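One structure below.
The values are calculated or read from the model by the stated rules, or taken from the named source; none is laboratory data. Remember, it's a predicted structure, so these values are computed and weren't measured experimentally. Reconstructed Cβ throughout: ideal geometry from the backbone, glycine too, with neighbour counts over all protein chains shown.
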Amino acid sequence: MLKVLIIGAGAVGLGLASFLLKSGCRISLVGREPTVSALAGYGLYRVGIFDDFYSPPESFAVFSTLQAVPSEQFDFVLVCVKSFDTEILGQQIKNSTFQKSSSAKFVLCQNGWGNAEIFSKFVPQENIFSARIITGFTCPERNKVDVTVHAEPLHLGSLYGEDLEGLMPLAQAFREGGIPSVVTQDISKDLWAKMLYNCPLNALGALLEVSYGLLGENENTRKIMEIIVNEVFSVMHAMGYGTHWNNSKSYLEDFYGKLLPSTYDHESSMLQDLRAGKMTEIEAINGVIVLEGEKRNILVPGNSMIRNLLQFLQGRSGK
């Protein structure tokens, strides 16, 4: 039985927990106090496009702080916090009791690019792995997760060339829990593929308050998204990375032909955050393209405009 600690009991953390619980893993969750109380009192519910699932409160452990987690050996730690909390969490993990006695594999289940680099300041690179998730989760209630969309299997891998054999039990547990999952040598290509998906859609969908599918139906928004995609390709290649498409033209064919139709009704995580008055992950998505473009004297006006507009809205909400 795998022992898995999930840090971050938001939509992604609860969604992944539900599949691992169904497969029989021993799960511990760290989340904010209101969520922890709801989970401890009523258990975890999952609804949506996968089978409905319920796990009673006695079937898993919940904690409101990392310091409260018992000193024990975890096989895996899934990091499901927002990207802007990566550095704070890394410091907490470095100082935590369980980290000092654990050889756990840390799997970063986060949006954006750059999380592994930040995390490596606190945890050895050989213990850091990444997950590419193109499954949409929302939380209609604190202890209830709704799976709204699922485009491709969960991918697990390493950005540091580490041995991937140790990830196989986790991928198998996800599959046994009902969500397709594979271990891949190409996780950097997968993460950049997700950047190519998130950069044109996430912030723009939040700014216009529409679903992804509607963005692809209008000529004006298509022009904006294509500018953003072209810029992402330029910056990605300048950084020395590649993805599953050689150029923006071939990517956009799949983007409009396959990716958008499969996520037509999905609303972006940034839109959900803005509605809730929360901070968004704009800096880890479009903000990365702006920052890395500036370092290399690459003009990225599309990503810069989207980032600035989103920051304006975020500032109005006080975040």
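Quick notes
- Residues in the stretch 182-194 that are out of contact with any helix residue (DSSP H, G or I) (no Cβ under 6 Å at 6 or more places or on another chain) and either of a type outside the set (Val, Ile, Thr) or in a helix (DSSP H, G or I) (or both): Gln185, Asp186, Ile187, Ser188, Lys189, Asp190, Leu191, Ala193, Lys194.
- Counted residues, the stretch 195-228 - those being within 23 Å of the chain's Cα centre (by Cα), touching a residue at least 60 places away in the same chain (Cβ under 8 Å) and either assigned to a helix (DSSP H, G or I) or buried (at least 24 other Cβ atoms within 10 Å of the Cβ) (or both): 12
- Tally, over the stretch 268-310, of residues that are under 22 Å from Val147 (Cα atoms), among the basic types (Lys, Arg) and in a helix (DSSP H, G or I): 1
- Restricting attention to the stretch 24-50 and to residues that are in contact with a Pro (Cβ under 9 Å, 6 or more places away or on another chain) and closer than 19 Å to Glu176 by Cα, the residue that is surrounded by the most Cβ atoms within 10 Å (Cβ to Cβ) turns out to be Leu44.
- Residue among Ile179, Ile93 that is crowded, with 17+ Cβ neighbours inside 10 Å, in a loop (DSSP other than H, G, I, E, B) and on the phi < 0 side of the Ramachandran plot: Ile179
- If you go through the stretch 26-71 and keep only what is outside any helix (DSSP H, G or I) and of a type in the set (Ser, Thr, Tyr), you end up with Ser28, Tyr45, Tyr54, Ser55, Ser64, Thr65, Ser71.
- Taking the listed residues Phe233, Phe255, the one that is in contact with a Pro (Cβ under 9 Å, 6 or more places away or on another chain) and either buried (at least 19 other Cβ atoms within 10 Å of the Cβ) or without any contact (Cβ under 8 Å) to a residue 60 or more places away in the chain (or both) is Phe255, with no other qualifying.
- The residues of the stretch 1-25 that are part of a loop (DSSP other than H, G, I, E, B) and in contact with a Lys or Arg (Cβ under 6 Å, 6 or more places away or on another chain) amount to a single one, Met1.
- One residue stands out among those in the stretch 283-313 that are of a type outside the set (Val, Ile, Thr) and touching a Lys or Arg at 6+ places or on another chain (Cβ under 9 Å): the one that is nearest to Thr86 (Cα to Cα), which is Ala284.
- Subset tally (residues that are over 30 Å from Thr280 (Cβ atoms) and in contact (Cβ under 8 Å) with a residue 40 or more places away in the chain) for the stretch 75-97: 1
- Any hit, the stretch 72-84, residues being part of a strand (DSSP E or B), basic (Lys, Arg), buried (at least 19 other Cβ atoms within 10 Å of the Cβ) and assigned by TED's automatic domain parsing to the domain that holds Gly48: no
- Matching residues, the stretch 51-60, being surrounded by fewer than 18 Cβ atoms within 10 Å (Cβ to Cβ) and in contact (Cβ under 8 Å) with a residue 24 or more places away in the chain: Asp51, Ser59
Here's the yes/no breakdown for (1) in contact with a Ser or Thr (Cβ under 7 Å, 6 or more places away or on another chain); (2) under 19 Å from Gly114 (Cβ atoms); (3) hydrophobic (A, V, I, L, M, F, W, C):
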position: Met239; (1), (2), (3): no, yes, yes
position: His266; (1), (2), (3): yes, no, no
position: Asp273; (1), (2), (3): yes, yes, no
position: Ala276; (1), (2), (3): no, no, yes
position: Glu283; (1), (2), (3): no, yes, no
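- Qualifying residue in the stretch 146-168 (condition: in contact with a Gly (Cβ under 6 Å, 6 or more places away or on another chain) and among the hydroxyl-bearing types (Ser, Thr, Tyr)): yes
- Qualifying residues in the stretch 114-128 (those that are hydrophobic (A, V, I, L, M, F, W, C) and closer than 20 Å to Glu281 by Cα) - the one surrounded by the fewest Cβ atoms within 10 Å (Cβ to Cβ): Ile118
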